[in-house]
Amino acid sequence: MEGKPLVSVLMTAYNREKYIAEAIESVLSSSYKNFELIIVDDCSTDRTVSIARSYEVMDSRVKVFRNEKNLTQFGNRNKSASYATGEYLKFVDSDDIIYPYTLQMMVDGMQQFPDAALGFCLTDGHVKKPFPYLIEPYESYKEHFSTGGLLFVGPSGLIIKRSMFEEVNGFEEFGMPSDNHLTLKIAAKYPVIAFPKDLFWWRVHDGQVFMQNKKNHYNILNNYNYCVDIISNYSPLEKKENSRLLKIYNKIFWKHIINLALKKTQPLLAMKIISQRLKKNK
């Protein structure tokens with residue numbers, strides 16, 4: 001398809017037989033046709049792979065891979081990106097769907113603003129102008145940390161230049177907020193594009209990783225660690241602002257730890273989390 005950049009749509013899966021067909025069909029129904037759909041199964045024990053392979057037979061753009069060992073969520077996202085050949089990476093989770101116009105709108109936006117490293121669906125924060133619009137690093141960080149979440153969006157709400165994803169070495173392991181860490185890591189150096197929030201449908205169900213990890217108390221430590229890493233090593237904000245933010249996140253960490261320790265069954269867990277933080281900071 002001459003003149004149209006190739007988009008690598010990345011779909012990672014683990015035991016998604018209930019949902020993966022709908023996710024695949026949403027991609028295949030895209031009005032934008034120049035894509036490859038890379039599906040990487042992380043050792044599912046159900047019919048996920050056989051369902052995915054049935055689409056691989058029907059459409060040459062679909063490529064199915066199966067890991068030899070379980071890489072967990074973000075390890076598998078990095079693995080899927082390693083198979084990509086497109087100019088852009090577009091994550092679509094195997095229990096979500098995108099709309100027929102999603103890829104076209106996102107590619108058009110990235111082409112309109114060639115300096116941007118990624119585009120994101122604005123799920124939080126104030127809409128300042130008609131979509132899509134460009135946000136410079138200082139501005140995006142200032143708004144994110146002052147309003148509580150400009151850049152908070154899951155992978156299904158992102159489109160990323162593959163060269164930028166590779167430049168920052170993909171996802172790092174910070175537990176559940178590893179996706180937020182990646183987005184902020186890229187936004188610290190390059191402009192980003194805001195798109196409307198309704199470019200994907202995020203399915204909520206008991207089997208999704210987000211719901212399973214929502215009550216994981218180690219997210220207290222994961223959230224603290226990723227914020228400290230981003231602010232200390234990447235932030236384009238002024239030094240005094242970064243220092244202020246570090247103090248805020250330190251207070252938030254201890255507030256959560258105290259609340260956890262006050263629960264009858266959780267004092268030992270609170271001590272384990274403190275121990276892990278001290279070990280990491282050595």
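Hey, any hits in segment 40-47 for a residue that's at pLDDT 95 or above, under 23 Å from K161 (Cβ atoms) and of a type outside the set (S, T, Y)? Yes - at least one qualifying residue is present in segment 40-47.
Tell me, which residue of segment 149-162 that is in contact (Cβ under 8 Å) with a residue 60 or more places away in the chain and outside any loop (DSSP other than H, G, I, E, B) is surrounded by the most Cβ atoms within 10 Å (Cβ to Cβ)? So, considering only residues that are in contact (Cβ under 8 Å) with a residue 60 or more places away in the chain and outside any loop (DSSP other than H, G, I, E, B), the one surrounded by the most Cβ atoms within 10 Å (Cβ to Cβ) is I160.
Can you say whether H126 is in contact with a Leu (Cβ under 6 Å, 6 or more places away or on another chain) and modelled with pLDDT under 95, as far as the supplied structure shows? So H126 fails the test.
A quick yes/no check of all residues on (1) among the basic types (K, R); (2) without any contact (Cβ under 8 Å) to a residue 40 or more places away in the chain; (3) touching a helix residue (DSSP H, G or I) at 6+ places or on another chain (Cβ under 8 Å); (4) more than 23 Å from G3 (Cβ to Cβ):
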{"site": "S30", "(1), (2), (3), (4)": "no, no, yes, no"}
{"site": "K33", "(1), (2), (3), (4)": "yes, yes, no, no"}
{"site": "I38", "(1), (2), (3), (4)": "no, no, yes, no"}
{"site": "T45", "(1), (2), (3), (4)": "no, yes, no, yes"}
{"site": "V49", "(1), (2), (3), (4)": "no, yes, no, yes"}
{"site": "R53", "(1), (2), (3), (4)": "yes, yes, no, yes"}
{"site": "V57", "(1), (2), (3), (4)": "no, yes, no, yes"}
{"site": "E68", "(1), (2), (3), (4)": "no, yes, no, yes"}
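Taken across segment 130-148, residues that are closer than 16 Å to W201 by Cα, among the charged types (D, E, K, R), open to solvent by less than 40 Å² (accessible area, probe 1.4 Å) and touching a His at 6+ places or on another chain (Cβ under 9 Å) do not occur at all. Quick check on my filter: what residues within segment 236-270 are more than 27 Å from the chain's Cα centre (by Cα) and surrounded by 13 or more Cβ atoms within 10 Å (Cβ to Cβ)? If the condition is that a residue be more than 27 Å from the chain's Cα centre (by Cα) and surrounded by 13 or more Cβ atoms within 10 Å (Cβ to Cβ), then L260, A261, Q266, L269, A270 are the ones that fit. Would you mention how many residues in segment 251-282 are within 28 Å of S140 (Cα to Cα) and in contact (Cβ under 8 Å) with a residue 12 or more places away in the chain? Here the count works out to 3.
The values are calculated or read from the model by the stated rules, or taken from the named source; none is laboratory data. Just so you know, these numbers come straight off a predicted model, no measurement behind them. Note that each Cβ is placed from the backbone with ideal geometry, even for glycine, and that neighbours are counted across all protein chains shown. Surface areas here come from the heavy atoms of the whole protein model, side chains and all, with no ligands, DNA or RNA. Shrake-Rupley method; radii C 1.70, N 1.55, O 1.52, S 1.80 Å.
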